[in-house]
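Scroll down for the structure; my scribbles are underneath it.
The values are calculated or read from the model by the stated rules, or taken from the named source; none is laboratory data. All of these numbers come straight from a predicted model, not from anything done at the bench. Glycine gets a Cβ as well: all are built from the backbone with ideal geometry, and neighbour counts include every protein chain shown.
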Amino acid sequence: MTDLKVELLPGLTLANPVLTASGTFGYGREYSPYIDISSLGAVVTKGLSLAPRAGNPGVRITETACGMLNAIGLENIGIERFLKEELPFLRDSGAVVVVNFFGNSQAEYAELAARLDGVDGIAALEINISCPNVKAGGIQFGTDPGSAAELVGAVRAKTSLPLITKLSPNVTDIVTMARAVVEAGSDALSLINTLLGMAVDLQTGRPVLGNLTGGLSGPAIKPVALRMVYQVVQALPEIPVIGIGGIVCAEDALEFLLLGARAVQIGTANFIDPRTAIAVIAGMDKFLSARGYEKVTDFIGTLKPGR
């Protein structure tokens, strides 16, 4: 068997490089009847805000060719209920926990980071910057390098926990965004978040989603995700990168590791088969063992030069 352990960050070693993607795995409890969540590299929670959110009205999910669109609207139970009701379960399960969080202002992000800092059972924070900055006319933090850097800096000042920034693909230059948040204090990067998309119904002549637009995920976005992960790894080789986008099998995950990602997150595939992450871990071991790799770290970043 191949040793699948990876040191994501100093002091944060994972049993394997397979994590779940925020928003696709609930708070971990929902999937516990189907898999041993402690066997995952880490559970990344559904995004948390200061107060509970009901999310968007109307149709919130629709299938697309090789993927899906979602406009959930970041529905969640809020930080207080999470700490009281869900974190104790996660602690008892033995799972490594990464808390994803978001806000609509820099002050909200900073307050959440302070509230989560030093809480027993939380291994790292993942900051979702694909949210509108209400004080800047609604522009997403994640599409403006200056706003993103300022936000990450404010969060960094409030927590000593390892900080992972989840990058939006809806930008012209992903490397500029990556460099901005790293210089502001992000310890690692996860990418990509969903691509902005839309679906229409010819029979009704209306948009399918109640929110009009939503986030595109699934196998359709994997080529974009691979390209962006490659660019960021090449530009910032010392920064740990977690690859996300269209992973449904071990081979998909291994493609991201080949590019230099230190870990991956499984998202949309969890809705198809709740055991996908476990199957990816097993398939990864089988693939690497068959090729004589003693450690997964010997495989990471071994992409050969182009033709």
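Descriptive notes on the structure:
- D252 meets all of the listed conditions (1) among the charged types (D, E, K, R); (2) at pLDDT 95 or above; (3) over 24 Å from V43 (Cβ atoms) but one, namely (3).
- Taking (1) of a type in the set (D, E, K, R); (2) surrounded by fewer than 17 Cβ atoms within 10 Å (Cβ to Cβ); (3) in contact with a strand residue (DSSP E or B) (Cβ under 6 Å, 6 or more places away or on another chain); (4) within 24 Å of A220 (Cα to Cα) in turn, D3 satisfies each apart from (4).
- Subset of region 42-75 (residues that are in contact with a helix residue (DSSP H, G or I) (Cβ under 9 Å, 6 or more places away or on another chain) and more than 19 Å from N128 (Cβ to Cβ)): T64, A65, C66, G67
- Matching entry among G73, G55, G67 (being within 18 Å of N104 (Cβ to Cβ) and touching a Leu at 6+ places or on another chain (Cβ under 7 Å)): G55
- D252, sole failed condition from (1) in contact with a helix residue (DSSP H, G or I) (Cβ under 7 Å, 6 or more places away or on another chain); (2) under 24 Å from P10 (Cβ atoms); (3) of a type in the set (D, E): (2)
- Of all residues in region 172-211, exactly one satisfies the criterion of being at positive phi and free of Cβ contacts under 8 Å to residues at least 24 places away in the same chain, namely G205.
- If you go through region 8-17 and keep only what is touching a residue at least 40 places away in the same chain (Cβ under 8 Å) and of a type outside the set (A, V, I, L, M, F, W, C), you end up with G11, N16, P17.
- Considering region 235-247, the residues that are in contact (Cβ under 8 Å) with a residue 12 or more places away in the chain and surrounded by fewer than 21 Cβ atoms within 10 Å (Cβ to Cβ) include one that is nearest to the chain's Cα centre (by Cα), namely I239.
- Applying the criterion of being free of Cβ contacts under 8 Å to residues at least 60 places away in the same chain and touching a helix residue (DSSP H, G or I) at 6+ places or on another chain (Cβ under 8 Å) to the residues of region 275-302, the residue that is surrounded by the most Cβ atoms within 10 Å (Cβ to Cβ) is T276.
- In region 32-44 there is no residue matching the filter, namely being aromatic (F, W, Y) and under 20 Å from the mean Cα position of the chain (by Cα).
- Segments classed as strands (runs of 3 or more DSSP E), wholly inside region 12-123, with at least 3 members that are surrounded by 21 or more Cβ atoms within 10 Å (Cβ to Cβ), at pLDDT 95 or above and among the hydrophobic types (A, V, I, L, M, F, W, C): 97-101
- Checking V241, V224, V229 one by one, the residue that is touching a Lys or Arg at 6+ places or on another chain (Cβ under 9 Å) and closer than 21 Å to T24 by Cα is V241 and no other.
- Residues within region 138-171 that are small (G, A, S) and without any contact (Cβ under 8 Å) to a residue 12 or more places away in the chain, tallied: 1
- Number of the condition not met by G215 [criteria: (1) under 18 Å from P17 (Cα atoms); (2) surrounded by 18 or more Cβ atoms within 10 Å (Cβ to Cβ); (3) of a type outside the set (K, R)]: (1)
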